[in-house]
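A short write-up of the structure that comes next.
The values are calculated or read from the model by the stated rules, or taken from the named source; none is laboratory data. Quick caveat: nothing in here was measured; it's all calculated off a predicted structure. For neighbour counting, all protein chains shown are included, and Cβ atoms are generated from backbone atoms with ideal geometry for every residue, glycine included. The protein model used for the area step is the full one, side chains on, heavy atoms only, and it has no ligands, DNA or RNA in it. Shrake-Rupley method; radii C 1.70, N 1.55, O 1.52, S 1.80 Å.
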Amino acid sequence: VYNGLELEVGWLPLLMDAARNPRIRPGQPGELDCSLALGDGAILDIPVGEVDRSQGDIHPLGNPHYLLDPRNAAAVGRLLAERLGRIDPASADDYHHRALHLAAEIEDRLGDWEARIANLPTRKVIVYHQQWEYLAAWLDLEIIGVIENRPGISPALRHVEGLIELGRSESPVLVMAATWDHRDGAGMVAEKVGTPLIVLPASSGAVDEASDYPALFAFICSELKAAAGVDP
């Protein structure tokens, strides 16, 4: 079971070859690309034109960080339940009910998560890496700039200076980075713009407070609210 959209392209093919297990080869029941759960139009940032490595760590199939929109997780849960039911028919009903429970839990919590940032003084954000687009689409945030202008490649000073000027002209803005991003560049942009740097987990388990998938979004929304200075 893997995320897909070539997020794992650097290591998964080698791992599957080394496993020497025909049951997990592509097209077999024991192999599942979770991105297949997403419907038409759900995948963001699909490149147009030719793509090469000079553009950085580009994903030709589109932005793979789709689980940062919790609404996509319900579709992934249904796909996973269907596949497990095919492999293990005796437990198919159990998998189906667990998928329904996941979807219901997400639906029940969406309102609370969204309410936490309802009064943000700004929806404009500058991000370090191109990975928050699904979160932004869900929470109605506007990404006005990306510090790492070529994914996976440290930004040029001129580009960073341009983002600082943009942030000042669009103030107030928020500056966001993931827990594993290079924080020096993101911190400098935030400092020069005059706004706090918001360091967020991009997956469950990245920080103690995001111990599971629902906790991930509760923490993200609370951090956005706190950094923006919104009263409880």
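In the context of the full set of protein chains, residues of the chain present 54 Å² of accessible surface per residue (probe radius 1.4 Å, heavy atoms only).
Were the residues from V1 through S203 laid out at 0.36 nm apart, the gain over their Cα-Cα distance would be 71.1 nm.
I need the shape label for segment 96-143. Rule: rounded when a/c is under 1.5, else prolate if a/b > b/c, else oblate, with a, b, c from the alpha carbon gyration tensor. Taking the square roots of the gyration eigenvalues as a ≥ b ≥ c, segment 96-143 is oblate. How tilted is helix 157-169 with respect to the longest principal axis of the chain? Cα atoms for both, answer in degrees (0 to 90, nearest 10). For helix 157-169, the angle is close to 70 degrees. Between the Cα long axis of helix 92-116 and the first principal axis of the chain there is an angle of about 10°, rounded to the nearest 10. Charge tally for D17 (other residues, Cβ to Cβ under 15 Å; Lys, Arg +1; Asp, Glu -1): +1. Counted by Cβ distance under 14 Å from A37, the other residues give a net charge of -1, where Lys and Arg count +1 and Asp and Glu count -1. Express the carbon and sulfur contribution to the solvent-accessible surface of segment 86-138 as a percent, rounded to the nearest whole number, probe 1.4 angstrom. It is 48 percent, rounded to a whole number. The modelled label-to-label distance between E170 and A137, using points 7 Å beyond Cα along the C-beta direction, is 1.8 nm.
Pairwise Cα distances in the chain exceed 32 Å in 26 percent of cases. A simple rule links phi to the HN-Hα coupling: the Karplus curve 6.51 cos²θ - 1.76 cosθ + 1.60 with θ = phi - 60°, which for segment 32-38 gives 9, 8, 5, 5, 5, 6, 7 Hz, with x for Gly and Pro. Modelled spin labels at S222 and E50, positioned 7 Å past Cα toward Cβ, are 5.0 nm from each other. In the complete set of protein chains, residue-level accessible area for R116 is approximately 70 Å², probe 1.4 angstrom.
N119 versus R71, label points 7 Å from Cα toward the beta carbon: distance in nm? With each label placed 7 Å out from Cα toward Cβ, I get 2.5 nm.
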